[in-house]
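Comments concern the structure below.
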Amino acid sequence: MAMQTTSAILYDGPRNLTMQFTGVCDGGIDNDETLVKKVDVAALSPVAAKVSIKNCEYEVSGGILRMYWDADDPVLFESLASVGEREYETIGGMANNGGLSATGHILFSTLGFDAGSSYSVVLNMIKKY
C-alpha cells in the first residue's frame, strides 16, 4: 500500500455537484497516484457529459497534486501545493478543455509524495449536459 484515498459525493443535484477527496501516503512502494479517475461523470445522478469547476478548496502537504481533464492525452489544468482556494466563478467556471477526445472525467496525479504526505480537496462543480 502507498496511498490511502477517499472520494465522497457531498451533493449531487441536477445542476450542482460537490465532491471531497483525501489521500494520505503511508510510504509504501508506489507513493504517487498517476492519472486516477476522481470525478466520473457517468456515475452522477443525473449523468452529466462533463463538469466545470466553480471553486476548489485544498490542503496539500509534502508534494504536489495535479488535476487533469481526461482525454486521449490528459490535459493538466491545475497544480496544487500548500493550502488555499481557487475561485473560477468570475471566469464562468474552469471549463473542460480536453479537446475532441475529452471524456468529461477529472483525474488526479500526485508528485513527490513520501510517508506522511497528504491532500484534501473539495471541488464545487456545475454539471454540463
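Conditions tested, residue by residue: (1) of a type in the set (S, T, N, Q); (2) at pLDDT 95 or above; (3) touching a Cys at 6+ places or on another chain (Cβ under 8 Å); (4) closer than 15 Å to Leu17 by Cβ.
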| residue | (1), (2), (3), (4) |
| --- | --- |
| Glu33 | no, no, no, no |
| Val39 | no, yes, no, yes |
| Pro46 | no, no, no, yes |
| Val51 | no, yes, no, yes |
| Asn55 | yes, yes, no, yes |
| Glu59 | no, yes, no, no |
| Val75 | no, yes, no, no |
| Glu89 | no, no, no, yes |
- Is it fair to say Val39 is open to solvent by less than 40 Å² (accessible area, probe 1.4 Å) and closer than 14 Å to Asp70 by Cβ? yes
- Task: Would you mind finding the one in Glu78, Glu59 that is without any contact (Cβ under 8 Å) to a residue 24 or more places away in the chain and of a type in the set (D, E, K, R)?
- Result: Glu78
- Query: Looking at (1) among the hydrophobic types (A, V, I, L, M, F, W, C); (2) open to solvent by less than 10 Å² (accessible area, probe 1.4 Å); (3) under 11 Å from the mean Cα position of the chain (by Cα), can you tell me which one Phe77 breaks?
  - Reply: (2)
- Query: Quick check, is Ile53 open to solvent by less than 40 Å² (accessible area, probe 1.4 Å), β-branched (Val, Ile, Thr) and either outside any strand (DSSP E or B) or farther than 22 Å from Ala115 by Cβ (or both)?
  - Reply: yes
- Query: What do you reckon, is Val24 among the aliphatic types (A, V, I, L, M) and under 21 Å from Asp72 (Cβ atoms)?
  - Reply: no
- If we keep just the residues of the stretch 88-129 that are outside any strand (DSSP E or B) and of a type in the set (Phe, Trp, Tyr), which is surrounded by the fewest Cβ atoms within 10 Å (Cβ to Cβ)? Tyr129
- Any residue at all in the stretch 67-74 that is small (Gly, Ala, Ser), outside any strand (DSSP E or B) and in contact (Cβ under 8 Å) with a residue 40 or more places away in the chain? no
- If you scan the stretch 3-45, which residues turn out to be under 21 Å from Leu80 (Cβ atoms), free of Cβ contacts under 8 Å to residues at least 60 places away in the same chain and part of a loop (DSSP other than H, G, I, E, B)? Asp30
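The values are calculated or read from the model by the stated rules, or taken from the named source; none is laboratory data. Since the structure is predicted, the reported quantities are computational estimates derived from the model, not experimental observations. Neighbour counts run over all protein chains shown; Cβ positions are idealised from the backbone, glycine included. These area figures cover heavy atoms from the full protein model, side chains too; ligands, DNA and RNA do not enter into them. Shrake-Rupley method; radii C 1.70, N 1.55, O 1.52, S 1.80 Å.
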